[in-house]
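These notes are about the structure you will find just below.
The values are calculated or read from the model by the stated rules, or taken from the named source; none is laboratory data. Being a predicted model, the structure only gives us computed values, none of them experimental. Backbone-built Cβ (ideal geometry, glycine too); neighbour counts: all protein chains shown.
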Amino acid sequence: MSADPPRSSPAPGQPDPGRGPSTDQGSDPEPRPGARAASGGPEPGPLVIGVLGGIASGKSAAARLLAGADGAVIDADALAHAVLSSDAVTALVAERFGPAALGADGRPDRAALARIVFEDAGARADLEGWIHPRVRARIRAALEEAHAKTVVVLDVPLLLENDPVHHLRERCDALVYVDAPLDRRTARAVATRGWSEDEVARREASQLSQDAKRAAADHVVANDADLDALAERCAALRARLLAERRDRS
């Protein structure tokens, strides 16, 4: 199976973009508060940030930087890997697809599963039906376990597209869009994932557009330079969000 976990088809329609995002470069309008803050002041617990962005835009790196040393990242891809390798899902895969879908270790072979479900919508629906509810449950549990953290960052692919199912957007105090040029993202995907040059554009064609994701965000962090530049921008935004939260309390 590919490095990306199986994902549901995007929900129809576009999300309400609300007010345009602020950015660490150029104009800096007052951000709209997150859903929890807007309901009458921030609740006890961590600042929850959802990261948005295109494929290979650096969302995971930004998530780690925004979380900081005293924060936590809830990585849905990592959770999906763990769920797929669990005893319960391994048994379901073996029963549904047979030994051809298992690796030498007896656990599901992601590459083999990817080949099976690529052209079989029923097989893909079965696999997603086993994985996605379990991942959502683990995300909810991780959010509860992280109640004492300063910041919690949701690194969840298709956060907006699948919100009608997981309802994670309402848990976020802020949405941050990681903005990286398509040519840089394509080059990164080719170098790190072995993809063809048209694969990023092909996959994103079935997702919410990058313009819509950017418009839905409260803040934009540019990832158009090196890691040090991204770290500086994320640190500044993190400090700002925490300060604004304290001011509202």
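Some observations on this one:
- Sole exception among (1) at pLDDT below 95; (2) not assigned by TED's automatic domain parsing to the domain that holds A67 for R96, by number: (1)
- One residue from L52, L113, L127 being of a type in the set (A, V, I, L, M, F, W, C), assigned by TED's automatic domain parsing to the domain that holds W195 and buried (at least 21 other Cβ atoms within 10 Å of the Cβ): L52
- Note on the stretch 30-92: enclosed helices (runs of 4 or more DSSP H) holding 2 or more residues that are at pLDDT 95 or above and out of contact with any Ser or Thr (no Cβ under 6 Å at 6 or more places or on another chain) are 59-67, 76-84.
- Considering L182, L159, the condition of being more than 26 Å from E144 (Cβ to Cβ) and among the hydrophobic types (A, V, I, L, M, F, W, C) is satisfied by L182 alone.
- Looking at S196, S206, just one residue is assigned to a loop (DSSP other than H, G, I, E, B) and free of Cβ contacts under 8 Å to residues at least 24 places away in the same chain, and that residue is S196.
- Tabulated pairs, the stretch 103-121, first closer than 14 Å to V93 by Cβ, second part of a loop (DSSP other than H, G, I, E, B) and of a type in the set (G, A, S), C-beta under 6 angstrom, 6+ apart or interchain: R107/S85; D109/G103; A114/S2
- In the condition set (1) without any contact (Cβ under 8 Å) to a residue 60 or more places away in the chain; (2) loosely packed, with under 12 Cβ neighbours inside 10 Å, H166 is compliant with all but (2).
- The requirement of being outside the structural domain of A111 (by TED's automatic domain parsing), loosely packed, with under 15 Cβ neighbours inside 10 Å and either aliphatic (A, V, I, L, M) or at pLDDT 95 or above (or both) is satisfied by A187.
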